[in-house]
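Single-structure report; data block below.
The values are calculated or read from the model by the stated rules, or taken from the named source; none is laboratory data. On a predicted model such as this, the values are computed, not experimentally measured, just so you know. No Cβ is skipped: glycine too gets one built from the backbone with ideal geometry, and neighbour counts run over all protein chains shown. Just the protein is used for accessible areas: all its heavy atoms, side chains included, with ligands, DNA and RNA removed. Shrake-Rupley method; radii C 1.70, N 1.55, O 1.52, S 1.80 Å.
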Amino acid sequence: KPVIMELGGHAPVIVCDDVDPVRAGRMAGAAKFRMAGQICTSPTRFIVDEKIYAPFVQSFAETAGALKVGDGLAEDVQMGPVANGRRLAAIEDLVNDAVAAGARVANGGRRIGERGFFYAPTVLADVPRTAKAMSTEPFGPLGLCVPASSLDDAIALANSLPVGLAGYAFTNSVDAVEKLGRYLECGIMSINHFGGPAADMPFGGVKQSGIGREGGHESLDAYTTTKMVSLKTAWV
């Protein structure tokens, strides 16, 4: 049967050294914790040029720390709970594993209260590339920060997983944009913003992030049967 499948991802965010790290950190904090990170395209692996890594992490962590967590229906709350106890346990396991491997908790890293499924907006810095969280989609309020020595290093790390749904990048370089567009392995890319595709644009991933596209005329491709008819007009 024809089918379109969207199977999640582990979205990288490449931050080049030619952008304002403080502003980028604030934008990261606003985007990462939307819906408590429970979005298939949620930015998760923040791969930042080592020249601006420290101020980015500080800004990201401060933004996360200022968020008010609580009942998602309350007017002044900025982040609600995770979906269930299983998700809470999964986030705790990923954080504990990363910290044990050498990651630094820049903000959060703990459950909030003993009732409900609330977990603090968490930013981990200096996460070892071998930590479980670097290869397992957290689907929760967890941002992972790692330094990169160059754009090529950042792209290699971003592409190191078998999934490729969304990808994000921040740069003021046209050359960097061209390289990212050509080599970053993802089905959806946003540069200098965290917005997603509109309804008239194709949505879907590459590698193990699914097959086919939702939205746009491309969504019809998976359900279209192509027939080839060859006609010789000068028949005798």
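Mind checking the angle between helix 174-183 and the chain's longest principal axis? C-alpha axes, 0 to 90 degrees, to the nearest 10.
Tilt relative to the chain: about 70 degrees.
Could you work out which residue, out of G205, G102, G80, moves most in a Gaussian network model of the chain, that is, has the largest mean-square fluctuation with Cα springs under 10 Å?
Fluctuation is largest for G102.
Give the aspartates and glutamates whose C-alpha is closer than 13 Å to that of K51, dropping any in the same chain fewer than 8 places away, or say none.
Qualifying aspartates and glutamates at Cα under 13 Å: D17, D18, D20.
So how long is each side of segment 29-153 along the principal axes, counting just the alpha-carbon atoms, biggest first, in Å?
Each principal axis gives a Cα extent; for segment 29-153 these are 43, 26, 23 Å.
Which of P121, V82, N107 sits closest to the plus end of the dipole of segment 2-140, meaning its Cα is farthest towards the positive end, when Lys and Arg get +1 and Asp and Glu get -1 on the C-beta?
So the residue furthest toward the plus end is V82.
Give me the compactness ratio for segment 120-233, meaning the Cα radius of gyration over 2.2 N^0.38 Å.
For segment 120-233, the normalised Cα radius of gyration comes out at 1.37.
Debye calculation, C-alpha points only, no solvent: report log10 I(q)/I(0) for the chain at q = 0.08, 0.18 Å⁻¹, in the same order as the q values.
Evaluating at q = 0.08, 0.18 Å⁻¹ gives log10 I(q)/I(0) of -0.32, -1.35.
Could you look at the chain and say what percent of its accessible area is carbon and sulfur, using a 1.4 Å probe and all protein chains?
Here carbon and sulfur together make up 54 percent of the probe-accessible area.
Subtract the Cα-Cα distance of M5 and D126 from 0.36 nm times their separation in residues, and report this length gain in nm to one decimal.
Extra length available between M5 and D126 comes to 40.2 nm.
Counting only heavy atoms of the protein chains, get the accessible area per residue of the chain (1.4 Å probe) and round it to a whole Å² value.
With all protein chains present, the chain gives 52 Å² per residue.
Around T44, which amide H atoms from residues at least 5 apart in sequence, or from another chain, sit under 5 Å from its own amide H, with H modelled in the peptide plane?
A11, V13
Could you sort F118, F33 by accessible area so the largest value comes first, with the probe set to 1.4 Å?
Heavy-atom accessible area, descending, gives F118, F33.
Of the DSSP beta bridges with both residues in the chain, give the percent that are antiparallel, rounding to the nearest 5.
In the chain, DSSP labels about 30 percent of beta bridges as antiparallel.
Enter the angle in degrees (range 0 to 90, nearest 10) between the Cα long axis of helix 85-101 and the first principal axis of the Cα atoms of the chain, meaning the one along which they spread out most.
Result, in degrees: 70.
Given a 10 angstrom Cα cut-off, can you work out which residue in V123, V13, V77 is the most mobile in a GNM of the chain?
Top of the fluctuation ranking is V77.
Dipole size in debye (nearest 20) for the chain around its Cα centre, Lys and Arg Cβ +1, Asp and Glu Cβ -1?
Value, rounded to 20: 600 debye.
Which pairs, out of K68/K207; K207/K227; K1/K132; K68/K179, put more than 30 Å between their alpha-carbon atoms?
Beyond 30 Å between Cα atoms: K68/K207; K1/K132; K68/K179.
Give the angle, between 0 and 90 degrees and rounded to the nearest 10, that separates the Cα long axis of helix 21-32 from the longest principal axis of the Cα atoms of the chain.
On a 0 to 90 degree scale, this one is about 70.
Give me the extension gain from N96 to N172: residue separation times 0.36 nm, minus the current Cα-Cα distance, reported in nm with one decimal.
23.8 nm
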